[in-house]
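Asks: Below are the structure tokens for one structure; questions will follow.
What follows is calculated from the coordinates using simple rules that are stated; it is not laboratory data. Predicted model, so just to flag it, every value in this text is computed and none were measured. When we count neighbours, we look across all protein chains shown, and the Cβ atoms used for this are built from the backbone with ideal geometry, even at glycine.
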Amino acid sequence: MHKRNKLIIIAFFLILNYITGCHSKQTVTGSKKLFDLNWEFYAGTDNSDSTFNFSARKWRTIDLPHDWSMDVNIIKNNPTAKIVWYKKRFDIPSEWQHKQISVYFEGINKNPEVFLNGESLRVNIKENSSASCNLTNFLNYKKENDITVRIGITDKANSTGNSHAGIFKHVWLIISDSGQFGS
């Protein structure tokens, strides 16, 4: 009986991680809304989490896709940069309140941290890949939402090889009926 309880608990946490987390290489189901415009970008040495002092930094407005390794000014002006940040503020229409809403990154650096309204969403990406994060449980329908992505800079990403760096493909909001989430 003890072993069965352990299995039930493990299954519960695996399901919870699936529902609230980010997953790589997902099939996209539901309607798609392009989420590429009006992001902000910052490269620096700050290694903190979602409590990062956003207002004290000089952010640059960008549109995605964005491969920061192709921007000579970033490397030239921030040679010691260890972290890049992307953030976007957005509203969710009230008619989506009973829908499943996720963000789908077609291409993002490995090991990103994604935050929605200060809450960390689990990300498990071992290589530059696509990822889907379920946002539903952390969205505000009555005020502005804030999605933030923190990506650590590796020596490989900082080189001029074939590796992409940043959020280097399109980003989509996926809206689907309540019981229908991409798998």
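Asks: Please find the FRET efficiency linking TRP96 to ARG60, where r is the Cβ-Cβ separation and R0 is fixed at 35 Å, and quote it to the nearest 0.05.
Replies: Taking R0 as 35 Å, the efficiency between TRP96 and ARG60 is 0.75.
Asks: Of LYS142/LYS169; LYS82/LYS142; LYS88/LYS169, which pairs sit farther than 26 Å apart, going by alpha carbon to alpha carbon?
Replies: LYS142/LYS169; LYS82/LYS142
Asks: Want the number for ASN117 to SER31: 0.36 nm per residue separation, take away the alpha-carbon distance, what's left?
Replies: 28.7 nm
Asks: When the chain is fully extended, how far beyond the present Cα-Cα distance does ASN140 get from LYS82, taking 0.36 nm per residue of separation?
Replies: Answer, rounded to one decimal: 17.8 nm.
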